[in-house]
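The values are calculated or read from the model by the stated rules, or taken from the named source; none is laboratory data. If you're wondering where the values come from, they're calculated on a predicted model, not measured in any experiment. Note that we place each Cβ from the backbone using ideal geometry, even for glycine, and neighbour counts take in every protein chain shown. Surface accessibility is based on the protein's heavy atoms, side chains included, excluding ligands, DNA and RNA. Shrake-Rupley method; radii C 1.70, N 1.55, O 1.52, S 1.80 Å.
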Amino acid sequence: MAELALVIDAMSAVAPYEQVKDAITAQVDSEALSPGFRLPPVRTLATDLGIAANTVARAYRELESAGVVETRGRAGTFVSGRGVERAARTAALSYVETVRTLGLSDAAALEQVRRVLTTD
């Protein structure tokens, strides 16, 4: 199970919100945090890190602007962005390999996807 690992260096010249933003971005880029991973609520993370809630909120806003996370209202803040694109591409590649092994044409494979998408 993925776990968010953050440490704020109070002596650093880098602002705390930047440290939060950079650490989360690095964990998403390294795939330590997967698409769909729910980040802690702003107040919870702020308390855990010993920083102001506004500091964490600013980091989350900037991460959302960069497409790294998405906020879903009361449901929380989730990893998205590059992680989602990477996961979707991996799934697509796996599907293509499977349908080619089955001997389906590209047109037939796309038709199967269309059918699934329209039945949901």
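Quick notes on this one:
- With a Förster radius of 22 Å applied to the beta-carbon distance between V96 and S34, the computed FRET efficiency rounds to 0.50.
- Spin-label pair R43/L104, simplified geometry with 7 Å Cα→Cβ offset, distance in nm: 4.8 nm
- For A57 and D9, the difference between the fully extended length at 0.36 nm per residue and the C-alpha to C-alpha distance is 15.5 nm.
- Contact order, relative form, for the chain: 22 percent (alpha carbon pairs under 8 Å, 6 or more residues apart, mean separation divided by residue count).
- Taking Lys and Arg as +1 and Asp and Glu as -1, the other residues whose beta-carbon sits under 12 Å from that of A23 total -3.
- Inter-label distance for A87 and A66, nm, one decimal - labels placed 7 Å from Cα along Cα-to-Cβ: 1.9 nm
- A helix-only calculation puts the chain at -19000 deg cm²/dmol for mean residue ellipticity at 222 nm, using -39500 (n - 2.57) for each DSSP H run of at least four residues, averaged over all residues.
- Extent along the principal axes, Cα only, for the chain: 60, 27, 25 Å, with the longest axis given first.
- Longest stretch of the chain clear of exposed loop sites (GluC sites (Glu not before Pro), DSSP loop, at most 16 other Cβ atoms within 10 Å, sites excluded): 32-120.
- The stretch 27-67 - convex hull of alpha carbons, volume per residue in Å³: 73 Å³
- Accessible-area composition of the chain, carbon plus sulfur, in percent [1.4 Å probe]: 55 percent
- ³J(HN,Hα) computed for each position of the stretch 35-42 - Karplus, 6.51 cos²θ - 1.76 cosθ + 1.60, integer Hz, glycine/proline x: x, x, 4, 8, 6, x, x, 3
- Per residue value of the accessible surface for the chain (all protein chains in place, 1.4 Å probe), Å²: 66 Å²
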